[in-house]
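The values are calculated or read from the model by the stated rules, or taken from the named source; none is laboratory data. Predicted, not measured: the structure shown is a model, and the values here were computed from it. Positions of Cβ are backbone-derived with ideal geometry, glycine not excepted, and every protein chain shown enters the neighbour counts. Side chains included, ligands, DNA and RNA excluded: accessible areas come from the protein's heavy atoms. Shrake-Rupley method; radii C 1.70, N 1.55, O 1.52, S 1.80 Å.
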Amino acid sequence: MNVDEIAKQLEKSQPVAITEDGTIVKMEDTITTPSGPVDSNSGQSVTYLKPHTWYSWFDSNPRRLVDETAAMNARFPHFDLHRLQAGLTWVGLLKPSERNRAYKISIVYPDDFPSAAPKAYTVDPKLAAPKHQFSDGSLCLMYPGDGTWQTNTTAAQIAAMTATWLFCYEYHERHCTRACRGACKYWPGPER
């Protein structure tokens, strides 16, 4: 077993597949069978070692949490920070237009923040948008890989993007008469 190679892959946040005798198997060489994952070349059972974070991002970088809190308090002072099972989460109301409708929003930090963006959800009312919403219910605020998310982007910017998304959603719901899934002229702004 090459312990150094396993440690190196785990440090890069990459899972490692190993056989019972400790042989490292390329992830692309594993297949899932009814009895579990196996090495497609040898047929041996495979175990996946997955990287774990044993501490939270805000424990390892408390200054970032101070900056996040200051940004949210300055721009969205009515949001509260909670430590929930889902992770560190901002919860508050957004009212994206002159309509009297307010949305209860949660912005959940991922374990690997700031390498990955927080996810935004509508808590009340729950929305099942025909577009720009992921299967886990989170809102599609940016196209993955387009450079919108940077490690210095804050939850306050995610909250602003969420307000914009809600404005677009309301506009689309008021004007579009068909159940569209692709690009629609009634979704304001560019779509991917």
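Can you bin the range 1-136 into rounded, prolate or oblate? Criterion: square roots of the alpha carbon gyration tensor eigenvalues sorted a ≥ b ≥ c, rounded for a/c under 1.5, prolate for a/b above b/c, oblate for the rest. It is oblate, given that a/c is not under 1.5 and a/b is not larger than b/c. In the range 29-136, Cα pairs under 8 Å separated by at least six residues give a relative contact order of 13 percent.
Charge tally around Thr154: other residues with Cβ under 12 Å, Lys/Arg +1 each, Asp/Glu -1 each, net 0. In loop segments of the range 115-153 as defined by DSSP, the chymotrypsin sites (Phe, Trp or Tyr not before Pro) with at most 13 further C-beta atoms inside 10 Å of their C-beta are Phe134.
Within the chain, what's the longest stretch lacking GluC sites (Glu not before Pro) that sit in DSSP loops with no more than 14 other Cβ atoms inside 10 Å? In short, 99-190. Karplus-derived 3J(HN,Hα) values for the range 113-126, using 6.51 cos²θ - 1.76 cosθ + 1.60 with θ = phi - 60°, are 4, x, 5, 10, 7, x, 9, 10, 10, 8, 8, 8, x, 5 Hz; glycine and proline are entered as x. Within the shell of other residues whose beta carbon sits under 13 angstrom from the beta carbon of Phe113, the net charge comes to -3, with Lys and Arg scored +1 and Asp and Glu -1. Each Cα pair under 8 Å and six or more residues apart adds its sequence gap; the mean of these over the residue count of the chain is a relative contact order of 12 percent. Excluding same-chain neighbours fewer than eight residues apart, the lysines reachable from Lys95 by a Cα-Cα span under 30 Å are Lys104, Lys119, Lys126, Lys131, Lys185. Charge dipole (Cα centre; +1 on Lys/Arg Cβ, -1 on Asp/Glu Cβ; no other charges) of the chain amounts to roughly 1200 debye. Rounded to the nearest 500, the 222 nm mean residue ellipticity of the chain from helices alone is -8000 deg cm²/dmol, with -39,500 (n - 2.57) taken per DSSP H run of at least 4 residues. Seen from Arg101, the other residues with C-beta closer than 13 Å to its C-beta sum to a net charge of 0, counting Lys and Arg as +1 and Asp and Glu as -1. Measuring nothing but protein heavy atoms, the accessible surface of the range 92-150 at 1.4 Å probe radius is 49 percent carbon and sulfur. Once both labels are positioned 7 Å from their Cα atoms along Cα-to-Cβ, the gap between Val66 and Asp112 label points is 2.8 nm.
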